[in-house]
Amino acid sequence: MSSAKMPSAAQAADSPSSYTGSCLCGGVSFVLTAPLRPLVACHCLQCQKTSGHYVVATSVLDSNIRFTSETTLTWYRSTDNHDDDSASLTHCDRGFCRVCGGNLFWKPHPSDRMSVFAGAIDAPTHLSVVKHIYTESQADYVEIPAHLPQFPRDSSS
Ligand SMILES: [Zn+2]
Ligand SMILES: [Zn+2]
């Protein structure tokens with residue numbers, strides 16, 4: 001039997017109402033207001049090539065992120081949307097720190113949400129990965145835990 005504890009109401013109540021995060025050098029820092037979407041791991045080629053691995057991200061409403069420093073924040077406009085998203089999205093921006101290279105945000109347009117990469121959020125996050133997407137391009141060294149749902153592309157496909 002697994003010794004893992006089931007999430008309890010008490011733990012949920014302990015989850016913070018806000019989270020802080022930053023890039024490595026601190027040139028970009030932010031505060032996120034709950035609720036944060038559970039984490040999704042994305043194995044698409046864009047995530048792999050821009051991060052050096054697969055990306056794990058939460059997502060928040062635009063109104064639930066407040067920058068406390070954005071002096072080094074740089075946006076790269078990408079035209080290579082996920083194919084499944086391209087019908088509804090015009091483009092996506094990737095946010096990174098131009099000093100330390102921290103890979104931080106993915107912002108689809110038009111949308112009122114922004115993805116925030118989990119490693120930028122200060123511990124403890126109280127978050128967990130709920131699914132892996134775009135596993136059709138998953139790297140051959142990656143092992144995905146068997147209990148997590150996997151989707152070859154977007155989870156709606
Ligand atoms: Zn930085
Ligand atoms: Zn991706």
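Computed values, structure above
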| item | result |
| --- | --- |
| Single condition LYS49 does not satisfy, out of (1) in a strand (DSSP E or B); (2) surrounded by fewer than 17 Cβ atoms within 10 Å (Cβ to Cβ); (3) within 16 Å of ligand 2 (Cβ to nearest atom) | (1) |
| Cross-chain or 6+ apart pairs with Cβ under 7 Å, the range 45-65 first and more than 10 Å from MET114 (Cα to Cα), then acidic (Asp, Glu) and assigned to a loop (DSSP other than H, G, I, E, B) | GLN46/ASP80 |
| Where LEU89 falls short, out of the listed (1) of a type in the set (A, V, I, L, M, F, W, C); (2) under 23 Å from SER137 (Cβ atoms); (3) modelled with pLDDT of 85 or more | (3) |
| The listed residue being closer than 17 Å to PHE30 by Cα, outside any strand (DSSP E or B), modelled with pLDDT of 95 or more and aliphatic (A, V, I, L, M), out of VAL116, VAL99, VAL142, VAL60 | VAL99 |
| Options ASP122, ASP154; residue that is away from ligand 1 (no atom under 16 Å from the Cβ) and surrounded by fewer than 15 Cβ atoms within 10 Å (Cβ to Cβ) | ASP154 |
| Residues satisfying the stated conditions in the range 101-117, i.e. exposed (fewer than 15 other Cβ atoms within 10 Å of the Cβ) and within 16 Å of ligand 1 (Cβ to nearest atom) | GLY101 |
| Among (1) within 26 Å of THR68 (Cβ to Cβ); (2) assigned to a loop (DSSP other than H, G, I, E, B) - the single one PRO152 does not satisfy | (1) |
| Checking GLU136 against (1) assigned to a loop (DSSP other than H, G, I, E, B); (2) within 15 Å of ligand 2 (Cβ to nearest atom), the condition it does not meet | (1) |
| Residue list for the range 21-37, restricted to those being away from ligand 2 (no atom under 16 Å from the Cβ) and in a loop (DSSP other than H, G, I, E, B) | CYS23, LEU24, CYS25, GLY26, GLY27, ALA34, PRO35, LEU36 |
| Where ARG66 falls short, out of the listed (1) in contact with a strand residue (DSSP E or B) (Cβ under 6 Å, 6 or more places away or on another chain); (2) modelled with pLDDT of 95 or more; (3) surrounded by 12 or more Cβ atoms within 10 Å (Cβ to Cβ) | (3) |
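Condition check ((1) in contact with an Asp or Glu (Cβ under 6 Å, 6 or more places away or on another chain); (2) surrounded by 10 or more Cβ atoms within 10 Å (Cβ to Cβ); (3) at pLDDT 95 or above) across all residues:
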{"residue": "ALA10", "(1), (2), (3)": "no, no, no"}
{"residue": "SER15", "(1), (2), (3)": "no, yes, no"}
{"residue": "PRO38", "(1), (2), (3)": "no, yes, yes"}
{"residue": "HIS43", "(1), (2), (3)": "no, yes, yes"}
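The values are calculated or read from the model by the stated rules, or taken from the named source; none is laboratory data. For clarity, every value in this text was computed on a predicted model and none was experimentally measured. Here the Cβ is made from the backbone with ideal geometry for all residues, glycine too, and neighbour counts use every protein chain on show.
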